[in-house]
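What follows is calculated from the coordinates using simple rules that are stated; it is not laboratory data. Remember, it's a predicted structure, so these values are computed and weren't measured experimentally. Heads up, the Cβs are rebuilt from the backbone with ideal geometry, glycines too, and the neighbour counts pull from every protein chain shown.
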Amino acid sequence: MRGTTMMLLLLVGVFACFGAVMVVEAEDPYRYFTWTVTYGTISPLGKPQQGILINGQFPGPRLDCVTNDNLIINVINKIDEPFLLTWNGIKNRKTIWQDGVLGSNCPILPGHNFTYHLQVKDQIGTFMYFPSLQMHKASGGYGGINMYTRPKIPLPFAEPSGDFHLLIGDWYKTGHKALQNTLDYGKKLAFPDGLIINGMQNGIELQGDPGKTYMIRLSNAGLSTSINFRIQGHKMRLVEMEGSHTVQEWYDSLDIHVGQSLAVLITLNQKAKDYYIIASSRFTIPVLTSTGFLNYSNSKEKASGAKPIGPTTHIHWSLKQARSFRWNLTASAARPNPQGAYHYGSVKPTRILHLANSEVKINGKLRYAINGMSYVNPDTPLKLADYFDIPGVFDLKTFKNKTEAGPAKLGTPVVGLWLHDYVEIIFNNNENTIQSWHLSGTDGWVVGYGPKKWTAAQRKFYNLVDAATRYTIQVYPKSWTAILVPFDNKGMWNLRSAIWPRRYLGQELYLRVWNEEKSPFTEYEIPANAIFCGKARGKHI
């Protein structure tokens, strides 16, 4: 009898273990999309011009997904130039091959296709996608990404009654090819012709029912202009910023810098009528404006009264607001554990990077640089060169971690980091214009902003408790911004200016996050459909 009991217990244990394995190995949901990229006539500012469309749409289709979904997106290129899409803020954990920039991917040639496999692993929030090559972004090809939490993970707010995603940005009446030509001749672009919201200069409408609360997601999809957003008669409750829940403060208006995204809640608790929605440019003279409308479903009265006035060139106002953004330490993120479970402020950095942007002249032409080096894309993607050990494409000794002024030069700077390095990055901006930086593959805690030049004494003012995490970071004129970044995602990741003319003319570099282990636990194999080009042409997996 005792032996029988032991055998039964053993069998129960085996089946329990087998069941556990089955749960672990069960795949997350798959969502399939086919996107065809074409030219088409659009009129964002009232003048017909050639735009880049996805499935005939501008902006492109909104990508709705849930944490850990597998997104299979077949992109068919039917324009006359090579093309790539990048997924702004999507970390692509362990699979740099899906990032969609020239450092990791060969372009999709005209008449060809490439199927992206994105697993939106352990992320929630507001993101966007856009073309990463040339100045394509100036002609469209962009859209929003809404990443929802899994049902079993609680939200730190009541489920909203609706969800809108507004893609706001500056716009030119001339297309990307004309803008490229201007930059190629070594000239700066003219002032933008206007601002648009979801492809329209004026007239965008959002509608909701009285008494209900709605989420509005905001993404700055423009080329170079910071935006302020506000709604007449309504306060906005900030709840999420670039993939993290925030402390829920109320704002009359919010700055969104180039490449950034955030989400707010608004409650329709005012008189039943229509209200103005205003987006206006920041730090520019003149001020560009786009106007839309928030419509109560029972409204019989058009918007009236004074349109809400926003800040214009006030830097201190924006800096003060940025410092008010804080991480919600008790909220769950993509996992049930609290966001504040990782005490980022108590971890000692293993590396410090000092980065300084500059406007330079090289061979008589306008360029932009980081630490005196202006980036040039090699014919072979850096990641392919790394994978196949192809010499002569990049050299880890090229990058100089010095911000002192000196003669600028062309190059392909790549910073070598070890997997799980914890890095303090200090962005120094000695110019009179605002900067915006995007870091792919990960995000970091924005621990400090300050005027003039950064010094070590500034560390005592860092927020080491509840700083917000971001993947796109603004640096104010003649100022610095400091972030702490856990590089726990192996790959060749792009650190670039989100201000697209600056990126086009060289203000970017790559971060090689590496360890010697070859294992799917740290990095997945190159996909079977990878495109090979440059010195990797003819290589086999």
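At a glance:
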quantity	calculated
Shape box of the chain [Cα atoms, principal axes, largest first, Å]	87, 62, 55
Helical contribution to [θ] at 222 nm, DSSP H n ≥ 4, -39,500 (n - 2.57), averaged over the chain, rounded to 500	-3000 deg cm²/dmol
All Cα pairs of the range 65-174, percent lying beyond 20 Å	47
Sites matching chymotrypsin sites (Phe, Trp or Tyr not before Pro) across the range 474-541 that sit in DSSP coil, with at most 14 neighbouring C-beta atoms within 10 Å	Phe521
Protection proxy ranking of 454-464, 254-264 - average other beta-carbon atoms within 10 Å, highest first	254-264, 454-464
Among beta bridges that DSSP assigns inside the chain, antiparallel share in %, nearest 5	70
Projected-area mean, the range 383-535, by convex hull of Cα positions, square nanometres	10.9
The chain: relative contact order in percent, alpha carbon pairs under 8 Å with at least 6 residues between	14
Largest-first principal axis extents, alpha carbons of the range 281-391, Å	69, 51, 31
Burial ranking of peptide ranges 108-119, 312-323 (average Cβ count within 10 Å, highest at the top)	108-119, 312-323
Burial order of peptide ranges 355-366, 283-294, 466-477 (average beta-carbon count within 10 Å, highest first)	466-477, 283-294, 355-366
Sequence-separation-based contact order of the range 194-339, relative, with Cα cut under 8 Å and 6+ spacing, percent	28
Which listed pairs, of Lys91/Lys348; Lys121/Lys478; Lys78/Lys539; Lys94/Lys452; Lys348/Lys453, have C-alpha distances above 31 Å, in listed order	Lys121/Lys478; Lys94/Lys452
